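The structure appears below as structure tokens.
The values are calculated or read from the model by the stated rules, or taken from the named source; none is laboratory data. The shown structure was predicted, so the numbers you read here are calculated from the model rather than taken from an experiment. No Cβ is skipped: glycine too gets one built from the backbone with ideal geometry, and neighbour counts run over all protein chains shown. Heads up: the accessible areas ignore ligands, DNA and RNA and are worked out on the full protein's heavy atoms, side chains in. Shrake-Rupley method; radii C 1.70, N 1.55, O 1.52, S 1.80 Å.
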Amino acid sequence: MKSLDQLAKIKESMQEVLKVRQGEPSANWKAHIMVCGGQGCISSNCRDVVDAIKESIAKNGLEEKTKIVLTGCMGPCDMGPVMIIYPDGTFYRRVKPKDAAAIIEEHVMKGNPVTRLLYRAPGAKEPTQRVHDIDLFKKQKKIVLRNTIYIDPLSIEDYISRDGYAALGKAVTQMKPEEVVAEVKKSGLRGRGGAGFPTGMKWQFTAAAEGSPKYVACNGDEGDPGAFMDRSVLEGDPHSVIEGMAICGYAIGAEQGYVYVRAEYPLAIERLEAAINRAREFGLLGKNIFSSGFNFDIEIRIGAGAFVCGEETALLTSIEGKRGEPRPRPPFPAQSGVWGKPTVLNNVETWANVAPIILNGADWFASIGTEKSKGTKVFALAGRINNTGIVEVPMGTTLREIVFEIGGGIPRKKEFKAVQTGGPSGGCIPAEHLDTPVDYDSLGALGAIMGSGGMIVMDDTTCMVDIAKFFLDFVVDESCGKCSPCRIGTKRMYEIIDRITKGEGREGDIELLQELAVTIKNTALCGLGQTAPNPVLSTIRYFRNEYEEHIKEHKCAAKICELKE
Amino acid sequence: MVACECKCEEPGKDELSKQLELIIDEYRGKSSGLIQVLTKAQELIGYLPKWALISIAKGLGVSLQEVYGVVTFYAFFSLIPRGRHKISVCAGTACYVKGTNMVIKTIREALGIKPGQTTPDSRYTLEIVRCIGACGLAPAMIIDGKDVHGRLEAEQIPEILEQYA
Ligand SMILES: Cc1cc2nc3c(=O)[nH]c(=O)nc-3n(C[C@H](O)[C@H](O)[C@H](O)COP(=O)(O)O)c2cc1C
Ligand code: FES
């Protein structure tokens, strides 16, 4: 890419496509059929649906007038396979290959929507046709996932049509590196990987650090078991991550980036690889980007199944091809990262926020969210909730809105019991705190954490002692073994909880767990150990009665634990 | 992790060994490529036999001990041969809340193996993984690292397994 003009020309050539997908009727296109190609819908066989639709398109001679696109994850995984038809924006769910003929011959050709495939809100008599009128979508605000329902993730032209790479062009041709850092700082963006560290500060430290070359790295390890936001970004809009990283490269003076993706995500790796290659072909990665003299390229590194590798120092060691064991900080990666050089490491979702901030300005971003947590957050809703899937909401949205209004509440008229955030480092939040606005500080105050965005909803079929045991089992399994508080301490905690769930709990076990928890939190080497006791502490805090019931009465109300009489 | 004790020669080892050298070529002398090479080698051979680890150590210029250290650190690598089909049952939080235990129990009953084991006819290996990113379809499992089966119910599981010969 030589200039902003050249980029603008590509965008111009895509105007017609863009318009259709924004809902404007077009003389050239009858319909763009956007079929969700996220993991959920692929597992629900959306590819067969695509084949059937293609067949019907051919049969009716509509090849020139319709376009069928496999997008990234649209969000409502439980309703899959889902699709949106533009320009009218009709949303169809649970589509089967046999529905293809009706979709083409009734809807596309005659303009009559196929009523049986429309979404019906719980309790509503009439279905809702347009995607933008459905509560689940309407209540969301999309910055990170700004493109996922509109583009083919494999098409760089689609990305460019929605202002893709315009922020990179603006940064390298019109801004000084310091100005880019200042803009990100001013936006108030905080890391989405869990800890919430201010992103602009991290960039500033790295830019100022001694040592060269410098590196940019992306944390796509997504270790929280029960979370799949980063996957949906990498699969649905890989260019948004590439662009964010390139902007940072310019801002801190780095020419090489690494994306670390877990091996369990083959589709994310494939799409990202394709996107990187395409960006190189377009000169958006490589040498002399936008004729500015700025060079930048990205390599993919694959994680091989170790939770601790999500921790920053472990991840950076793993990039070097070694055992991913964490090391004490300081020095922080900003001073000593990959190959001992200054490195910015940010989470996938953090990266996807960067381009919109540069393009629309820090003030725009800072106007969204709460005082100390700006912008939006993507959550993966799972467990005992109706609308499982991916949602993006402004910071400060309450848990109740997320679980009940967007998430559609608890299936089978069951009672909400708790929502777990932050995975093995987080905690369980009970019903009495459902009106808490979601931001870094208020979740922390409840003994949970924002975490990377996994939200697992539990009802009365879940035993909280068993859940605490589940997370301890996970941590014992994943502890790298380097420091003894984590290696031995979590194992002792596990043994105590295991005893309790078998009906062999003793008086004083709860206190013993708390004591161990505090010691481990204070003495473990890395974040894994320091946060490992959180699920136990938070369940004791809010569900102490369940522990006592197990210990004293040998009873498990949820009937999960098999206790000895 | 246990190493294969048998002295049997791998069938087609010469051919595999040649292909392995091609994989190594891309990273020759570069220790940073270790995880990439191991991943590709396992893809090629199905597991990581000792001879392959020796070639990789030589090719990348790292000690065999270091290679072994990396292989045993990451759950993804296996030192023993596995079945033709790898059944990975998700034990992430979402799946656990929705019935991982049921899935494992059903598979154990159908195949007579515990997680970590391979059926005597080498058809299936059963393992537990932590979240495959299909939490929206919990409980889920993934077969051969690519086919995700979600919203599992006990009755359908034997039928799904049957599809993998
Ligand atoms: C045990 C452990 C696991 C972690 N796993 C992840 C992860 O899977 N993804 C992630 O982005 N950050 C993870 N983190 C946080 C990273 O260490 C780091 O803070 C983050 O990647 C920085 O990016 P951010 O500032 O954009 O959030 C983990 C931390 C710990 C202690
Ligand atoms: S928890 Fe099973 S797929 Fe995520």
>> Suppose a student asked you for the relative contact order of region A:15-138, using Cα pairs under 8 Å spaced at least 6 residues apart; what percent would you report?
In response: 27
>> Averaging the inverse of every distinct alpha carbon separation and then flipping it gives the Kirkwood radius. What is it for region A:52-137, in angstrom units?
In response: 13.5
> Using 7 Å Cα-to-Cβ label points, what is the A:E255/A:E432 separation (nm, one decimal)?
Replying inline: 6.0
> What residues does region A:384-421 have that are buried by at least 10 Å² of accessible area in the full protein assembly compared to the chain on its own, 1.4 angstrom probe?
Replying inline: A:R384, A:T388
> Sorted by mean Cβ packing within 10 Å, highest first, what order do the peptides A:518-528, A:373-383 take?
Replying inline: A:373-383, A:518-528
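If you take each beta carbon of peptide A:304-311 and count the beta carbons of other chains within 10 angstrom, what is the mean?
On the way: counts 12, 7, 4, 3, 1, 2, 0, 0.
Partner-chain Cβ atoms within 10 Å, mean over residues of A:304-311: 4.
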> What does the convex hull of the Cα atoms of chain A come to per residue, in Å³, rounded to a whole number?
Replying inline: 141
>> Threshold 50 Å², probe 1.4 Å: give the residues of region A:454-489, in number order, that are less accessible with all protein chains present than with their chain alone.
In response: A:F470
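Net charge within 14 Å of B:H85 by Cβ-Cβ distance, Lys/Arg positive one each and Asp/Glu negative one each, not counting B:H85 itself?
Values: positive: B:R82, B:R84, B:K86, B:R123, B:K146; negative: B:D121, B:E127, B:D144, B:D147, B:E162.
Its environment carries a net charge of 0.
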> Any idea what angle helix B:13-25 forms with the longest principal axis of chain B, computed on alpha-carbon atoms, 0 to 90 degrees, nearest 10?
Replying inline: 80
> Which whole-angstrom value gives the distance between the alpha carbon centres of region A:461-492 and region A:265-309?
Replying inline: 35
> Hey, what's the protein assembly as shown come to in accessible area per residue, 1.4 Å probe, Å²?
Replying inline: 39
>> For peptide A:321-328, what's the mean number of Cβ atoms from other chains within 10 Å of each residue's Cβ?
In response: 5
>> I'd like the interface area for chains A and B: accessible area of each alone minus the complex, both sides summed, 1.4 Å probe, protein heavy atoms only. What is it in Å² to the nearest 100?
In response: 3300
>> If I compute solvent accessible area with a 1.4 Å probe over the protein chains, what percent of it on region A:444-551 is carbon and sulfur?
In response: 49
> So which of A:K138/A:K186; B:K18/B:K58; B:K18/B:K146; A:K322/B:K30 end up more than 18 Å apart by C-alpha?
Replying inline: A:K138/A:K186; B:K18/B:K146
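In whole percent, how big is the carbon plus sulfur part of the accessible area of region A:158-366, probe 1.4 Å, protein atoms only?
Carbon-and-sulfur percentage of accessible area, whole number: 51.
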>> Please report the net charge: other residues with Cβ closer than 14 Å to the Cβ of A:A100, K and R +1, D and E -1.
In response: +1
>> As I understand it, the value is the acute angle between the Cα axis of helix B:50-60 and the longest principal axis of the Cα atoms of chain B; what does it come to in degrees, rounded to 10?
In response: 60
> How many angstrom lie between the C-alpha centres of region A:336-385 and region A:178-200?
Replying inline: 7
> Are there cysteines in chain A with no second cysteine's Cβ under 4.7 Å away, and if so, which?
Replying inline: A:C73, A:C77, A:C218, A:C248, A:C309, A:C428, A:C463, A:C480, A:C483, A:C486, A:C526
> Distance from the Cα centre of region A:540-562 to that of region B:53-94, in angstrom?
Replying inline: 40
> How much net charge surrounds A:D435 when only other residues with a Cβ under 15 Å from its Cβ are counted (Lys, Arg +1; Asp, Glu -1)?
Replying inline: -3
> How large, in percent, is the carbon and sulfur part of the accessible surface of region B:13-73 at a probe radius of 1.4 Å?
Replying inline: 52
> Normalised by the residues of chain A, what does the relative contact order come to in percent, with Cα pairs under 8 Å and at least six apart?
Replying inline: 13
>> Suppose we compare each residue of region A:4-45 in its chain alone and in the full protein complex with a 1.4 Å probe; which ones drop by at least 30 Å² of accessible area?
In response: A:Q39, A:S43
>> Averaged over its residues, how many other protein chain Cβ atoms are within 10 Å of peptide A:252-265's Cβ atoms?
In response: 2
